[in-house]
Amino acid sequence: MINPMDLTGKSILVTGASSGIGRAAAVKLSRLGAKVILTARDQERLGITLSQLNGEGHAYYSYDLKRIEGIEEFLSKIVADNGILNGFVHSAGVSEMKPLKMSKFNSLHDLMLTNFYSFAELIRCISKKSSSADGSSFIGVSSVSSIKGNKSQSAYSASKSAMDGIIRPIAKELSARRIRINTVLFGMIGTEMFNEFLKKGGDISAWKDQYMGIGDPEDAANVIAFLLSDASKLITGTGLIADCGYLS
Amino acid sequence: MTNGEKIDLLEEMLELKSGTISENTALAEISVWDSMAALSLIALCDEHFGIQLTGEDIVKFRTVKDILDIMVG
C-alpha cells in the first residue's frame, strides 16, 4: 500500500514548534517519516515537543524570530548541522486583540516582526540553493482573519494578509526549482492561542459560523503534511482554506 | 501616577470629555463602556503598567476606582 503523504527522508524546519499547530505539525511530520527541525523561543517546551516525535535524527533550536537580522546566520547553522531542507512550516505567530485606537505603530510593528517579517526573511534565506533542495515545499500558517475581519484584530489580520500576499510572487520565482509555497488559512483551532483568546475576553460568538466546530490541532497538522507532501504537487502560490466551514 | 492622571488616561481611552468620570463613577453608568472598551483597557494596562489583565478580572470591576486600584507599576 502506498502512502501519498509519505515524508520519509525529508528534512523539515518548523517554527513555533513549542505549542499549538506547530507542535501538532511537528509530531505528525515525524510520524510520516520526516526528520523535523524544531524552533521556538522556549527551550523547555521545545524539549517536550521533541520527546513526542516519532523516530530519530530530529533537532531543536531555541531562537527569538523577532531578531530578524540574525535569521540568516541562524539558518546557516541549522543547514550546517542538519543538511539542506526539503520543507519549511512557519507556525510561529502571535495573536492580540486591540481595538483600532489602541493599535499604535509600535504594537503593530512588534506583531509583524513575529508573524510576517520573520516569515519573509526565513523564506528568503531558505530558498537559496545552498539551503533547500529542488522540489521543496514551504508553508505559512495563515488564518481566515486574512480575509474576514473581527473587531480588535486589525494587526493580526494585516499580518496574515501579508503572508498570503507575499507567497504569490514568490511561488512564481521559485517555480523554476519546482519549489512550492502556500499558506493555509485556518479557522479557529483548539490550541493554546484559542484558550488565550477566551481568557482575554474574546468573543466566541464571532466564531458561530464555524459550523463544523473548533478544529483539532491534529487535523490542522494533516493539512500541513498534505501540502508538504508530493500529494499536493499541483498546489502552489495559493492560500488553502481549512476553516471548518467558517467562510462559506 | 496619581488617580487624577489615571482618570485622564481612561477618559482619553474612552474618548470622553475631561471631568466626565470620577473615582466613584459606576462602570455601568458610562455609556461607552462595552466589550471593546474592555479590550482597550487590557491594551492600556499592558502598555502603561505592564499588567496583563484578563476578561475575568474586568467583569469584577464595578467602579472607576476598581480600575484605578489595579493601575500600579
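Quick notes
- As a length-normalised measure over Cα pairs under 8 Å and 6 or more apart, the relative contact order of chain A settles at 21 percent.
- When +1 charges are put on Lys and Arg Cβ atoms and -1 charges on Asp and Glu Cβ atoms, the dipole computed for the range A:11-242 relative to its Cα centre reaches about 500 debye.
- Of the chymotrypsin sites (Phe, Trp or Tyr not before Pro) found in the range A:204-241, those in coil by DSSP whose Cβ has at most 16 other Cβ atoms within 10 Å are A:211.
- Greater than 32 Å apart at Cα, pairs in A:151/A:172; A:148/A:200; A:98/B:60; A:35/A:172: A:151/A:172
- Vicinal HN-Hα couplings computed from phi for the range A:111-126 (Karplus, 6.51 cos²θ - 1.76 cosθ + 1.60; Hz; Gly/Pro x): 5, 5, 4, 6, 7, 10, 4, 5, 4, 4, 6, 4, 4, 4, 6, 5
- Computing Rg and the Kirkwood Rh from the Cα coordinates of the range A:27-120 gives a ratio, Rg/Rh, of 1.04.
- Relative contact order %, chain B, counting alpha carbon pairs below 8 Å whose residues are six or more apart: 38
- Restricting the calculation to Cα atoms, the range A:140-225 shows an Rg/Rh of 1.03 when the hydrodynamic-style radius is the Kirkwood one.
- With neighbours defined as other Cβ atoms within 10 Å of a residue's Cβ, the residues A:180, B:62, A:41 order from fewest to most as B:62, A:41, A:180.
- Pair-distance distribution of the range A:56-171: all C-alpha pairs, bin width 5 Å, starting at 0; shares per bin in whole percent are 2, 11, 20, 22, 18, 12, 8, 5, 2, 0.
- Over every Cα atom in the range A:11-242, the radius of gyration and the widest Cα-Cα span, Dmax, amount to 16.6, 49 Å.
- Shape of chain B from the C-alpha gyration tensor: rounded (a/c under 1.5, with a ≥ b ≥ c the square roots of its eigenvalues).
- Value at 222 nm in deg cm²/dmol, rounded to 500, when DSSP H runs of n ≥ 4 in chain A each add -39,500 (n - 2.57): -11500 deg cm²/dmol
- Extended-chain gain in nm, criterion 0.36 nm per residue less alpha-carbon gap, residue A:56 and residue A:196: 47.1 nm
- Two-site FRET efficiency, residue A:110 against residue A:150, from Cβ-Cβ distance with R₀ of 25 Å, rounded to 0.05: 0.80
- According to the calculation over all Cα-Cα pairs in the range A:1-67, the P(r) per 10 Å bin from zero is 25, 53, 18, 4, 0 %.
- Remark: A:156, A:117 ranked as A:117, A:156, counting other beta-carbon atoms within 10 Å and listing the fewest first.
Every number in this text was worked out from the coordinates using simple rules, so none of it is lab data. Keep in mind the model is a prediction, meaning the values are calculated, not measured. Here Cβ is always computed from backbone atoms with ideal geometry, including for glycine, and neighbour counts include all displayed protein chains.
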